[in-house]
Each structure stands twice: as structure tokens, then as C-alpha cells.
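The values are calculated or read from the model by the stated rules, or taken from the named source; none is laboratory data. Note that this is a predicted model, so its numbers are computed, not measured. Every residue, glycine among them, receives a Cβ derived from its backbone with ideal geometry; neighbour counts consider all protein chains shown. The protein model used for the area step is the full one, side chains on, heavy atoms only, and it has no ligands, DNA or RNA in it. Shrake-Rupley method; radii C 1.70, N 1.55, O 1.52, S 1.80 Å.
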Amino acid sequence: MTSTQPFLREPDAVLGLMNSRRDAAGVLRRCVLCLLPACVIVFAGFQRRWMSDDGHIYVRTVRQILAGNGPVFNAGERAESSTGTLWQWLLVLAGLPGIDIARAAMYGGLLLTAAGFALASLGALRLYADKAVLPLGCLVLLALPPVWDFATSGLETGLATCWIAGAWLLLVTRARSLVTCVIIGLGPLVRPDLALVTAVFLVAQWLAVHPSRRATFGGLGAALALPVAYEIFRVGYYGQLMPLPGVTKEASESLWRRGFGYLADFGEPYLLWVPALFLLAALLPSAASAASAASAASAASMDRRDAPPLIPALAPVVAGLLCWAYVIKVGGDFMHGRMFLPGLLLMLLPVFLVPLTRAWTIAAVGIGIWAVACASWLRIPYEGRIGPGGVADERGVYVRQNAAPHPLHHDFAGYPSNVDYARLVREADREGTPTLFLARTPAGTNSPTVTGVYNTLGFSGTVVPLSGVALDPIGLAYPLAAHSERIEGSRVGHDKRLPDTWIFADRGHGPLPEGLDPAGVAAARRALDCGALAELRAATRDPLTPKRFLRNAAGAWERTTFRFPNDPVLAERQLCGD
């Protein structure tokens, strides 16, 4: 009997070996499916690597933090110029060991984008319970030039991609830990508008898991802890409810017509309706099958924990639609396609990879053909320039102006006016003469060093020393400009232009530069010492005592919503009285 045991066990051993090989092949296949889209975006993003001017706005703030001046753009004035709070502090960590911050921003964004694509693939595999899958939604993203461009750029887009995909993966796995809630709650710190995604994902997680009341409040507290803590810091330190770019771009206004123009600017050049039609054609039979399966599960009284993954499939679509609606509502952006990328990723997450069925295979083939055409030939008509609607091919503009295929530290070799501005600022800094450069015209300044006023804020922040003052009349880092009135009909994202009269009244002294009205400067100086304008300056420039912190926090709402006329005489009448 004993002699036959090996013979009897041999078939089991063979079957076990075959199963292990199949398992190994399945693991290898899943690894390839996860890593291949990530590798493709790394290749495409690296080929078009660059650093945007807005990315250099982050760099100056990080340099100020590392220099011990706090999270400010200019020492002595508490202004939050960084829209992506978490991205700013990650760059601080990168800069601590002495790594070049601009380079860390460019390549860090690329790595985070790749990680996001890998997490999105893994989430799709989990959503479809490790069935045989093929690429679909990832083909749409990989075919679009704006996705390649903003894989780098130095902005927070790569972090947003990674966070969105990672939060969705946690939603798909129905993870219940407090760490999961903390990660999902990071949305407002990645970008303020991603609070929409956080809200949708938290609701979806609750619907999928159905925790107890105690666990619900615990998870909600964990999700809100960091955003609420930072908001308390923000209102007390800066005296504002949101980062300054949100104030200057009037994030609460509704500019639907301009927003739909921004949507057309993104969708029309790449014929995005083509993959949308293929997706809809494949989704209809899939949705019908899912509904039938859900009904059958309900009829069988299936445990809610084993319910089909309808909620994690719908949640990112809802969140993506809300993100797009918000972008359209506020009038879009001046960078081609950029603000639609997070919403597009969200809507494509449930179909990033799809099951190997006949309907999905047909859709994948159709989208694959479109993707090849899009990646090879389809481009915006104003490539390398600013379009007629004020939307720019942002990367192309900086490639042309810097005369470099991969601009990192901008020298604007192909843009003489920027070169002249940089030369004047650096000469004044070397000579140690406190100078206010107002439209490249030198004047006296109340700053102990150089004060530069320039639209290209990131570049200006690079050439103006950290001890100096880099201002922009648009208001991305200048509270006075941010709270000025919006100019109707201006370029999107550049709706404000603080007149030089105000800037000289605020920052200059001595003889007036040619062209400035003395009466206007005098009226502006009086207005700056009255009412809400005086409080705005005190909130951002007074020493930060506990009393000042509390006063900033108490008046944050009124301060954030305050606007004053561009006309100094009118502003003086409103703020100081007759």
C-alpha cells in the first residue's frame, strides 16, 4: 500500500504544477497590463518634458520655505501663490537634500503620472475580478498631446493623476481603514477643486461598505482632519479662504459661455467624439448585463458586501462629470486642455482596461485606430502660440520663447523683452540699489532691495532675489492685485490688471515715473490706508502674532470676497468716504 502512494499523488502534483504555472502566467500578464500604460506615458512625457512658468511659481515659494521665510512668494508678505498645497510641500521635501527644485518638479510629476497610470490599471483589474482584459480608456489618454505635456510641466497635474487613481483603487477594493479615509480626504490639498472628487468618493465608500455610525463618523473625521487643519492655518496665516490664484481668477463666478469655448478648444482638434461614440456603443450592452446581474443578486438576497462593483464603477464617472461642469462654469483656463485632464481620467477609470468581450473588443479596435491617428497627426491649429480665444499651447509657447526643446530653467533666449527685464533686475541687485521696475522703467521703492513687476511671474520670481519683491499685476502672488476688479473681456486666467498707479502708490516712492497721474497716485495712497484695503495690507504684512492670527481667521470671509475699483479716485470715495 505504501509503495503505491507516490503513484497516486503524481496526478495531483502535475495538476498543482500546471495551476502554479497558470497562476504565474496570470501574474505576469497582470503586471504587463499595469506597467505597459505607465511605461508608455513615461516615454511620451519624457519626449515632451518641460517646465512651465507657473511651475516656477511653486519653485520660488519652496525656496522661500527652505530659506526660512515661510510659505510665501515674497518675504514680508503672506500670500499663498501655490494652488496645489500638497505638491508644494512635496517639493520642499525634495529640496531638503539640495536637489534642484525645478528638476525635481519636472521629473517628479512624470513619475507620479506613471504611478497613477499603473494604479488605474490595477484598479481596473480588481474591478473586473482579474478577468481577461484589454486596454481601452488608457488608449484615449495615451493618445492626447495635452496628457503628454502635463505629465511634466512642474505643476500638480502628476500628483492629481496619482491621487485620483490611488483613491479609486482603494474604493474598488472597499478598504475600510482610517488610512483609506485620510488618503481620499487629501483631494482639497492636491487641488481645491478636487474636493468634489473627495466628496463623491467618500459617499461612494460609505454606500459600498455601509459602516456603523461610529465608524462613519470616525472615517469622516479622518478624511477631514488634514484639510480642515490646513484651512485653519490658511485663514489665520494668509487671511484668505483659498489660495490667491482662486481669488484672482474669481473661482466662484459663472462664465459658462467661455467655459464651453474651452471645452470646444479641447475636444474639437482631437475629434474626441470618436472614442466617445465607441465607448457608448460598447457600454449599452455592458450596462444591460450589469443591471441584469444586479437584479439577480438582489433577488438572491446577496450579502451587501458581495454586491457587484456598480458603485466604484459609477463614482469616478460622477466625479469626473462634476469636475468638468465646474471647469466649464468658471470659464475654463488659459492652458489648452489642462483643467479637463483630471475629469477625463476619472470618467475613463472604469474602462481604463475592460473585459475581453466582443463589444469591448470592437470598441478597443476602433479607439485604437483613432488613438494612432490622434497621436500621429491631430494637433491644435495654434500649436506653439496663443489661440484666438486666449487659450495657449502652453508648452509650445515656452519652447519657442526659450528657443529650447525642453525648457527647464527659463532664459527666454527667443523673447528679448524678458531678457531685458532679467538683465535690468540683476544689474540693480548687483549694485545694491533699491529699485522698482514698473514695466521695465526704474523708480524708487520702499523695499530694501529690488522690486520687479512683471506678468511672467515664475520667471520674475527666478530673477528677483528672495530678499526682493516679485509682483504680478494679475494677482497670482500679489494680494492687492488679486482683490482688484475683474476686467470684462480679458483673456481667461488673466482677467485682472492692477494699474501701475496702485503699484507705485503701494511700493514706490520719490519722483513719479513718466505717465503716472499724481492725483491718481495720491488717491490710491489714501485709499490704501482706509477700510478693507488697510485691513488687507495689515492681514498680509503685519507681524503674525496670536492676535493677528485670530483676527485674520475671523475676517477671512469678508477679506476673500472684498473687491475694489481699479480707478483710485472711485476707490478712495468708496473706502474713505467723501
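What does the charge count around THR161 come to, taking other residues whose C-beta lies under 14 Å from its C-beta (Lys +1, Arg +1, Asp -1, Glu -1)?
Within the 14 Å Cβ shell, the charges total 0.
Rounded, prolate or oblate for the range 370-511? Axes are the square roots of the Cα gyration tensor eigenvalues, ordered a ≥ b ≥ c, and the cut-off for rounded is a/c under 1.5.
Oblate.
Taking the Cβ of ARG551 as the center, what net charge do the other residues with Cβ under 14 Å away carry, scoring Lys and Arg +1 and Asp and Glu -1?
Summing Lys and Arg as +1 and Asp and Glu as -1 gives +3.
How would the range 211-284 be classified by its alpha-carbon gyration tensor: rounded, prolate or oblate, with rounded meaning a/c under 1.5 and the a/b versus b/c comparison settling the rest?
Judged from the Cα gyration tensor, the range 211-284 comes out oblate (a/c at least 1.5, b/c at or above a/b).
The range 433-578: percent of C-alpha pairs farther apart than 27 Å?
Distances greater than 27 Å cover 21 percent of the Cα pairs.
If you take the beta carbon distance between ALA439 and LEU277 as r and set R0 to 51 Å, what does 1/(1 + (r/R0)^6) give as a FRET efficiency, to the nearest 0.05?
0.50
Share of antiparallel DSSP beta bridges in the chain, in percent to the nearest 5?
So the antiparallel bridges amount to about 55 percent of the total.
Going from most exposed to least, what order do MET335, MET242 have by accessible area with a 1.4 Å probe?
MET242, MET335
In nm, what is the difference between 0.36 nm times the number of residues separating ALA538 and ARG103 and their Cα-Cα distance?
Stretched fully, the ALA538-ARG103 segment lengthens by 153.0 nm.
Taking only the alpha carbons of the range 525-578, what extent do you get along each of the three principal axes, in Å, biggest first?
For the range 525-578, the Cα extents along the three principal axes come out at 35, 20, 17 Å.
Relative to the first principal axis of the alpha-carbon coordinates of the chain, what is the inclination of helix 310-329, with its axis defined by its Cα atoms, in degrees from 0 to 90 and to the nearest 10?
20
Please give, to one decimal in nm, the separation of the simple spin-label points placed at ASN455 and ASN69, each 7 Å out from Cα toward the Cβ.
Going from the ASN455 label point to the ASN69 one covers 2.5 nm.
Can you give me the orientation-averaged projected area of the convex hull built on the Cα atoms of the range 430-497, in nm²?
4.9
Which percent, nearest 5, of DSSP beta bridges in the range 430-546 are antiparallel?
Close to 45 percent.
Put a dot 7 Å past each Cα toward the Cβ at ARG525 and LEU356; how far apart are the dots in nm?
Modelled inter-label distance: 7.9 nm.
Sticking to Cα atoms, compute the Rg of the chain to one decimal and its Dmax as the biggest Cα-Cα distance, whole number, in Å.
Cα-based Rg and Dmax for the chain come out at 27.2, 113 Å.
Within the range 323-366, which residues have the backbone N less than 18 Å from the label spot 7 Å out from ARG258 along Cα→beta-carbon, could you tell me?
Residues passing the 18 Å test: 324-340.
Computed over the Cα atoms of the range 102-186, what is the ratio Rg over Rh, Rh following Kirkwood?
Result for the range 102-186 is an Rg/Rh of 1.02.
For the range 139-261, just say rounded, prolate or oblate: build the C-alpha gyration tensor, square-root its eigenvalues into a ≥ b ≥ c, call rounded for a/c under 1.5, and beyond that prolate if a/b exceeds b/c, oblate if not.
Judged from the Cα gyration tensor, the range 139-261 comes out oblate (a/c at least 1.5, b/c at or above a/b).
Each residue of the range 136-143 in turn: what ³J(HN,Hα) in whole Hz from Karplus with 6.51, -1.76, 1.60 and θ = phi - 60°, glycine and Pro shown as x?
9, x, 4, 5, 4, 5, 5, 8
Sorting GLU383, GLU488, GLU427, GLU77 by accessible area (1.4 Å probe), largest first, what list results?
Result, largest first: GLU488, GLU383, GLU427, GLU77.
Full-extension gain between HIS509 and ASN446, please, as 0.36 nm times their residue separation minus the C-alpha to C-alpha distance.
Between HIS509 and ASN446, full extension yields 22.0 nm more.
By how many nm would the segment from CYS39 to VAL419 grow when fully extended, if each residue of separation counts as 0.36 nm and the alpha-carbon distance is taken off?
Roughly 133.0 nm would be gained on extension.
With a 1.4 Å probe and all protein chains kept in place, how much accessible area does LEU66 have, in Å² rounded to the nearest 10?
70
Might you list the cysteines of the chain that have no disulfide-compatible partner by the rule of another cysteine's Cβ under 4.7 Å?
CYS31, CYS34, CYS39, CYS138, CYS162, CYS181, CYS323, CYS374
Quickly work out the THR216-to-ARG176 label distance, labels modelled 7 Å from Cα along the C-beta direction, and quote it in nm with one decimal.
Rounded to a tenth, the inter-label distance reads 1.5 nm.
Could you tell me the convex hull volume per residue, in Å³, taken over the Cα atoms of the range 404-445?
About 73 Å³ per residue, rounded to a whole number.
Given the -39500 (n - 2.57) contribution per DSSP H run of 4+ residues, what per-residue ellipticity at 222 nm results for the chain, rounded to the nearest 500 deg cm²/dmol?
-19500 deg cm²/dmol
When all protein chains stay in place, what accessible area (Å², nearest 10, 1.4 Å probe) is found for SER254?
Per-residue accessible area (SER254): approximately 70 Å².
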